[in-house]
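To start, the structure itself, in structure tokens.
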């Protein structure tokens with residue numbers, strides 16, 4: 001087919017459609033907003049602390065962070081429609097030590113993928129929910145080495161939006177005051 005002085009081949013149409021699809025994906029990423037600070041609210045949320053996840057995005061590219069004692073968890077992923085596909089990487093010697101890893105294998109684990117998430121943004125944009133798939137890391141003490149890494153079954157996670165501002169503090173919940181008087185038997 002000719003379009004003026006240009007001869008259009010089938011592969012030209014394929015390349016043009018691919019570029020248009022990529023541009024639509026990028027533009028759509030700017031229309032769906034997931035940036036902000038999210039608080040975990042599902043039944044499995046740890047008691048005594050508020051689990052905060054801070055996400056930022058540039059179009060369909062999403063990054064996040066969760067600060068913890070002794071390190072942080074880093075999230076990276078892509079937005080496709082209203083669904084975010086992310087991986088989590090744990091960083092920090094003290095954080096990994098608190099998770100039960102010996103000092104000798106920590107350098108082998110630090111900064112590697114430890115979980116996958118597939119989260120969907122709710123229709124009103126106030127919650128993200130989906131699956132969290134942790135990785136089981138097996139190791140030996142003598143000699144210290146990681147022997148196997150396996151993704152476990154997915155569990156449900158739900159986060160609610162608490163602020164479009166970025167909050168990086170891990171908050172400890174105050175303990176409830178004990179009732180005065182004699183204990184109930």
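Details
- Residue 162 vs. criteria out of contact with any helix residue (DSSP H, G or I) (no Cβ under 8 Å at 6 or more places or on another chain), at pLDDT 90 or above, surrounded by 14 or more Cβ atoms within 10 Å (Cβ to Cβ) and not in a loop (DSSP other than H, G, I, E, B): yes
- Options 131, 76, 87, 120; residue that is surrounded by fewer than 18 Cβ atoms within 10 Å (Cβ to Cβ), closer than 20 Å to residue 164 by Cα, free of Cβ contacts under 8 Å to residues at least 40 places away in the same chain and under 11 Å from the mean Cα position of the chain (by Cα): 76
- Qualifying residue in the range 14-36 (condition: farther than 18 Å from residue 81 by Cα and assigned to a loop (DSSP other than H, G, I, E, B)): no
- Residue ID - farthest from residue 61 (Cα to Cα), chosen from residues in the range 77-114 that are in a loop (DSSP other than H, G, I, E, B) and in contact with a helix residue (DSSP H, G or I) (Cβ under 8 Å, 6 or more places away or on another chain): 103
- Filter result for the condition that a residue is touching a helix residue (DSSP H, G or I) at 6+ places or on another chain (Cβ under 8 Å) and either assigned to a loop (DSSP other than H, G, I, E, B) or over 30 Å from residue 147 (Cβ atoms) (or both), over 57, 39: 57
- Every condition in (1) assigned to a strand (DSSP E or B); (2) out of contact with any strand residue (DSSP E or B) (no Cβ under 8 Å at 6 or more places or on another chain) holds for residue 124 except the one numbered (1).
- Taking first residues from the range 134-147 that are on the phi > 0 side of the Ramachandran plot and part of a loop (DSSP other than H, G, I, E, B) and partners that are loosely packed, with under 10 Cβ neighbours inside 10 Å and at pLDDT 90 or above, no Cβ contact under 6 Å between residues at least 6 apart in sequence or on separate chains turns up.
- Count of the range 60-76 residues which are more than 26 Å from residue 96 (Cβ to Cβ) and assigned to a strand (DSSP E or B): 1
- Subset of the range 60-73 (residues that are over 15 Å from residue 111 (Cβ atoms), touching a helix residue (DSSP H, G or I) at 6+ places or on another chain (Cβ under 8 Å) and touching a residue at least 40 places away in the same chain (Cβ under 8 Å)): 69
The values are calculated or read from the model by the stated rules, or taken from the named source; none is laboratory data. From a predicted model like this one, the values you see are computed outputs, not experimental measurements. Note: ideal-geometry Cβ built from the backbone for every residue, glycine included; neighbour counts use all protein chains shown.
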